[in-house]
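Bear in mind these aren't lab numbers, they're just calculated from the coordinates by the rules spelled out. The structure presented is a predicted model; accordingly, all values stated were derived computationally and were not measured. Here Cβ is always computed from backbone atoms with ideal geometry, including for glycine, and neighbour counts include all displayed protein chains.
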Amino acid sequence: MAGATHPVSQTRTINVPILNEDNHKEWKDAILLQLRLLELDYVVLNEEPPEVTEESTGEAKQLRARWEKSNRLCVVFIKSRISRKIRFCFEDIRKAKPLLKAIDDNFIESKKVLAITLIMKFRNLHLSTVEGTREHIMQLGDIAAQLKKLEIIVPDDYLVRFALDTLPQEYNPFKISYITHKVDWSINELITKCVMEERRLVAKLGI
C-alpha cells in the first residue's frame, strides 16, 4: 500500500542521540548499533582496501567500491548525529574509522580534564565556619557522584571520613567520637549527625 512503512525498516531504526559534551558513551553504543542494523558497518569492521589501479582484479574493485559506499554513508550519518557546537572539530575527516577515533580521543581528553578539575575541587573543599554542614557535605557528595560518572569511584566510607576531615576545628571532639566508636555511617547519616552537632555548637558558641 502506498505510503506504508515496511516493517523491516522499523526494526532497523533506533533512537541515536545527538553527540554533545556529556553523552559520548551512550552515543557511541547507539551509533555502532544503528550502523550494524542498517548493515553499513563494513567500513568500521574492515581495513581500507587498496585504491583501484589498472592491475586491480574484479574482486578488488568490488571490495573497494563496497568500502567507499559504506564509508561515505557512515561519515554522513555519524556527522549528522553530532551537535553543531562541536561538529566543526571533525568536518575535515572523511573516513569513518579516523572519524570515530578522533571523536573518542576528543572525549577521552575532555574526560581527563574534567576528572582532574573535579578531584582538585574535591580535595580543596573545606568548611571554614561552624554553620553550613549539610550544604557542604552534599556538595562533596555531588562531586563524588560526578566522578562516578567518569568511572572514578569514591568509596562511601572514604567519603564520610574525608567529609569529617574537612570540617573546622570546632568539630574535633565530634570527629574523635566517630573514630573512637569505630562506626560506619552512610553519607546521609553523617549529614543528620553533623546537623545535630552544628545546632549544638551554634547554641554553645552563641552564633
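General remarks:
- Computed over the alpha carbons of the chain, Rg followed by Dmax gives 27.4, 93 Å.
- Helix-only CD estimate at 222 nm, as mean residue ellipticity for the chain, using -39500 (n - 2.57) per DSSP H run (n ≥ 4): -21000 deg cm²/dmol
- Net charge dipole size for the chain [Lys, Arg +1 and Asp, Glu -1 on Cβ; Debye, nearest 20]: 360 debye
- Candidate aspartates and glutamates - alpha carbon under 19 Å from LYS97, same-chain residues fewer than 8 apart omitted: GLU26, ASP29, GLU39, ASP41, GLU47, GLU48, GLU51, GLU68, ASP105, GLU109
- Efficiency of FRET from Cβ geometry, ASP104 and ASN172, R₀ 45 Å, rounded to 0.05: 0.40
- Calculated P(r) tail over 19 Å for region 7-109, as whole % of Cα pairs: 47 percent
- Part-to-part distance (alpha-carbon centres) for region 61-130 and region 140-207, which is given in Å: 37 Å
- Rg then Dmax, both in Å and based on the Cα atoms of region 125-205: 12.7, 43.
- Here the Gaussian network model covers the chain, with springs between Cα atoms less than 10 Å apart; of ALA60, ALA96, ALA145, ALA60 fluctuates the most.
- Cross-linked pairs LYS61/LYS95; LYS148/LYS175; LYS85/LYS149: Cα-Cα separations exceed 24 Å for LYS148/LYS175.
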